[in-house]
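Shown next, in structure tokens, is the structure this report addresses.
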Amino acid sequence: MIRRIIFSLFFPMLLSGCATNPVSGLPDFVTITEQQEISIGASYHKQILEENKLIDNKELNDYFQKLGESIAKESHRPKLKWTFTLIDDPTFNAFATPGGYVYMYRGMLNYFNSEAEFAGVIGHEIAHITARHAVRGMSTAQVSGLLLGLLQANVPGGQLTGNAFNLVNMIINRGYSRKFELEADQLGEEYLDRVNYDPSAMSAFLKTLKYSDELEIKIAKNEGREPNIGYHGVFSTHPDHEKRIKALDKTTKKNNKMKIGKEKFLKMLDGSLYGSSPEEGYVKNSVFYHPVLAIKFDIEKTWNFKNHPDKLELTKTDANMTLRADDLLADDLENGLTAEKYLSDGINKSSFLSSNELIESKDFSYNNLKGHSHLYINESIIDKSYKRFTVIFDTKNSNTKPKAWIAVTSFKNLSDDKEIKLMLKSFSKMSQDEIKKSKGLRIKVIRFKSGMTYDKLAASSPLGKYALDKLRLLNGHYPDDNPRVGELIKIVE
């Protein structure tokens, strides 16, 4: 009886799954109709628009949409309503969702060095949609989950169920199988050829992806952290970049008459934002600026800095510091709340004092900002470590609530404490002129002149100790290539 019930549920799904794959023309087992696919994509798109900031540049957005449409028209599914969206985020990634939706992060956009490279990645993402890779993955999950509901209403525009949204998220963020990725590479190359772009641009940008991962691994190792690598997500199952490059090189047909569009594309990028947006804070010449909160502080060159959504983090081999902001009540300040009392009350409410000894309590008021600092020691037979808690009151805000900036530092050697105090002592308010001029880091496109070298450009770059590697990667010259005189290149300023 149970078998009969399962068969009666499963058999209609088998019938609905007898679809023809748009790319291969062969029967394709999917449990989702094209109309459902379009509805899923539209629902997911709405969620993406709610959760992400888009690039506010009409010229660039129109360019992306127009170029994307021109490639999609030559794809295996030209009649879909294609939508191309640029997300204002420094993440190095791009992705596609069912039904004709392609997304690219600003962080990837800056690394293309020709229109053909840009078009190649667009073609790759279009290929994931034309070959129905996400839909096929969802269909497999539906079967294994026995009739998992995808839409709350089985009609166009129906909203995604919670399960379906999580499923789409998982498929996109984890990446596709090696087979699907290679297929998307090859289809992307085919679409480039159809619109008369040099198809070798596909493998050229794959080399940039490969070197991006190599540089990230190198930096992460030096910073003592896990690398954040993988186009299409950290947990991507992409085949090795080298294998993908070789697979493309076997099929690429060289044609000097095909479009590359290097100068046109680089001129389009001139002036675009690099890295974190000013609203999130950014590092320039070893100084962190946050124009919205109007604060700044120096970063010692031996320390690594990370700007997280909820905290600022600085690390060194045996030391780390985190900074967080806490809102202060005007009523508490009016009734005499001081930085010392705020700090003492906060520590007394924890169990920290049970195993740590206070060895220093000092006023920490600098740059017209009131502050206080405690230094603690934790000593055992075999080990000794220190912890410093510092609070700086920032009550001189015209546009935001008064803040308490809390710095928690852990270290093994008192020599590190000297650098920690130097950084915290530099904590100050930005001037109105600094706020007005604060535009973050920007891409500047220049013509490489005689006498220029990457070493000289890196020496004056705000990108810090890996400036040389980063500039080469940005221009497709990593690890040791150099531009020709007269060639356009990107720098950051």
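The values are calculated or read from the model by the stated rules, or taken from the named source; none is laboratory data. Not measured: the values here are computed from a predicted model. Cβ placement follows ideal geometry from the backbone for every residue including glycine, while neighbour counts extend to all protein chains displayed.
One residue alone among 455, 433, 417 is in contact with a strand residue (DSSP E or B) (Cβ under 8 Å, 6 or more places away or on another chain), assigned to a helix (DSSP H, G or I) and surrounded by fewer than 20 Cβ atoms within 10 Å (Cβ to Cβ), and that residue is 417. The set of residues in segment 312-324 that are surrounded by 18 or more Cβ atoms within 10 Å (Cβ to Cβ) and either aromatic (Phe, Trp, Tyr) or within 22 Å of the chain's Cα centre (by Cα) (or both) comprises 312, 314, 323. Taking the conditions (1) under 18 Å from residue 118 (Cβ atoms); (2) modelled with pLDDT under 95 in turn, residue 40 satisfies each one other than (1). Residue 427 meets each of the listed conditions (1) buried (at least 19 other Cβ atoms within 10 Å of the Cβ); (2) within 18 Å of residue 267 (Cβ to Cβ) apart from (2).
Here residue 96 fulfils each of the conditions (1) modelled with pLDDT of 55 or more; (2) on the phi > 0 side of the Ramachandran plot; (3) not acidic (Asp, Glu) apart from (2). For segment 458-470, the set of residues classified as assigned to a loop (DSSP other than H, G, I, E, B) and either in contact with a helix residue (DSSP H, G or I) (Cβ under 8 Å, 6 or more places away or on another chain) or in contact (Cβ under 8 Å) with a residue 12 or more places away in the chain (or both) consists of 461, 462, 463, listed by residue number.
The combined condition, being of a type outside the set (D, E, K, R) and in contact with a Phe, Trp or Tyr (Cβ under 7 Å, 6 or more places away or on another chain), is not fulfilled by residue 448. Screening 187, 160 for residues that are within 17 Å of residue 100 (Cβ to Cβ), crowded, with 19+ Cβ neighbours inside 10 Å, modelled with pLDDT of 85 or more and aliphatic (A, V, I, L, M) leaves exactly one candidate, 187.
Please find, within segment 297-333, the residue that is modelled with the lowest pLDDT out of those that are β-branched (Val, Ile, Thr) and in a strand (DSSP E or B).
Here the residue is 315.
Going through (1) in the same structural domain as residue 60 (by TED's automatic domain parsing); (2) under 23 Å from residue 434 (Cα atoms) one by one, residue 323 falls short only on (1). Applying the criterion of being of a type in the set (D, E, K, R) and under 16 Å from residue 407 (Cα atoms) to the residues of segment 293-311, the residue that is surrounded by the fewest Cβ atoms within 10 Å (Cβ to Cβ) is 310. Of the numbered criteria (1) assigned by TED's automatic domain parsing to the domain that holds residue 397; (2) under 23 Å from the mean Cα position of the chain (by Cα); (3) of a type in the set (Ser, Thr, Tyr), the one residue 302 fails is (2). Being modelled with pLDDT of 80 or more and more than 21 Å from residue 128 (Cβ to Cβ) holds for only one residue in 228, 256, 196, and it is 196.
In this structure, does residue 449 turn out to be touching a strand residue (DSSP E or B) at 6+ places or on another chain (Cβ under 7 Å) and without any contact (Cβ under 8 Å) to a residue 60 or more places away in the chain? Answer is no for this residue. Taking strands (runs of 3 or more DSSP E) as the structural unit, those lying wholly within segment 338-404 and holding at least 2 residues that are touching a residue at least 12 places away in the same chain (Cβ under 8 Å) and among the charged types (D, E, K, R) correspond to 357-363, 384-394. When you look at residue 389, is it of a type in the set (Phe, Trp, Tyr) and in contact with a His (Cβ under 8 Å, 6 or more places away or on another chain), yes or no? Judged against the criteria, residue 389 is a match. Which of the residues that make up segment 436-452 are assigned to a loop (DSSP other than H, G, I, E, B) and among the basic types (Lys, Arg)? Of everything in segment 436-452, those that are assigned to a loop (DSSP other than H, G, I, E, B) and among the basic types (Lys, Arg) turn out to be 439, 449.
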